[in-house]
Amino acid sequence: MKQPAIIIPEGCKEVLLHACCAPCSSAIVEWMLANGVRPTIFYYNPNIFPREEYEIRKNESKRHAESLGLTWIDGDYNHEQWRQDVCGLEGEPERGKRCEQCFVLRLTMAAQKAKELGLQYFTTTLASSRWKSLEQINQAGHLAEQAIEGTTFWDQNWRKGGLQERRNQLLKEFNFYNQQYCGCEFSQRSAQPQK
């Protein structure tokens, strides 16, 4: 018998979903709701720059969650602290040590928020992006669960099960703003064509 593409952890009825943006979370949220798992959306992305970009993505994420009657939590924006936390890694390539550090910071905060809310499980929409290293994301999630006692990282490849295709459909249906870079100024620079 073929293994399903997405496996719900045993006893998981609620989960904290760290969301990087509305487009990436849309198909995941839809799948969760259809499969008896209620997500609480946690928008924590201090890496996003500039502030205007952060606000656009935040408002889209909130709009999406509210349209579905889901709890949406703003994780606050402290870009200066994030810059200090990745200091010395500015020149790293995409999928390098800067991304690893960024994932650990964001997922540890997600695990902390899950614990505060009394939720055992947390997961992230970062694992839906084909531009990110799934290995780095999963490693960061497991480091976060080790750091925050009583939490469990739902280690899932959210690109599977037709979710990537569904994401693209929902992007159009909801008329989401769709960014062209991960969020930080360093990825933005590497995404721009070289002159």
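The values are calculated or read from the model by the stated rules, or taken from the named source; none is laboratory data. Here the structure is a predicted model, which is why all the values come from computation and not from measurement. Cβ placement follows ideal geometry from the backbone for every residue including glycine, while neighbour counts extend to all protein chains displayed. Calculation scope for accessible area: heavy atoms of the full protein, side chains included, ligands and nucleic acids excluded. Shrake-Rupley method; radii C 1.70, N 1.55, O 1.52, S 1.80 Å.
Give the residues of the stretch 126-140 that are more than 19 Å from residue 57 (Cα to Cα) and part of a helix (DSSP H, G or I), sorted by residue number. Give the steps one after another, and end with the answer.
Taking the stretch 126-140 first, the residues more than 19 Å from residue 57 (Cα to Cα) are 133-140.
Scanning the stretch 126-140 gives 134, 135, 136, 137, 138, 139, 140.
Determine which member of the set 135, 94 is modelled with pLDDT under 95, open to solvent by 60 Å² or more (accessible area, probe 1.4 Å), more than 14 Å from the chain's Cα centre (by Cα) and not hydroxyl-bearing (Ser, Thr, Tyr).
Numbers: 135 fails: modelled with pLDDT under 95.
94 is the lone residue from the list that is modelled with pLDDT under 95, open to solvent by 60 Å² or more (accessible area, probe 1.4 Å), more than 14 Å from the chain's Cα centre (by Cα) and not hydroxyl-bearing (Ser, Thr, Tyr).
For the stretch 18-38, which residues satisfy the criterion of being over 20 Å from residue 165 (Cβ atoms) and crowded, with 24+ Cβ neighbours inside 10 Å?
18
Taking the condition surrounded by 17 or more Cβ atoms within 10 Å (Cβ to Cβ), touching a Gly at 6+ places or on another chain (Cβ under 8 Å) and under 18 Å from residue 145 (Cβ atoms), does residue 49 pass? Steps first, answer last, please.
Details: surrounded by 17 or more Cβ atoms within 10 Å (Cβ to Cβ): yes; touching a Gly at 6+ places or on another chain (Cβ under 8 Å): yes; under 18 Å from residue 145 (Cβ atoms): no.
Here the answer is no, as residue 49 does not meet what is asked.
Read through the list (1) open to solvent by 20 Å² or more (accessible area, probe 1.4 Å); (2) at pLDDT 90 or above; (3) outside any helix (DSSP H, G or I); (4) within 16 Å of residue 18 (Cβ to Cβ), then give the number of the only condition that residue 123 fails.
(1)
For the stretch 162-176, give me each residue that is in a loop (DSSP other than H, G, I, E, B) and surrounded by fewer than 16 Cβ atoms within 10 Å (Cβ to Cβ). Before you say what the answer is, go through the steps one by one.
In the first step, residues of the stretch 162-176 are kept if they are in a loop (DSSP other than H, G, I, E, B); the result is 162, 174-176.
Across the stretch 162-176, the qualifying residues are 162, 174, 175.
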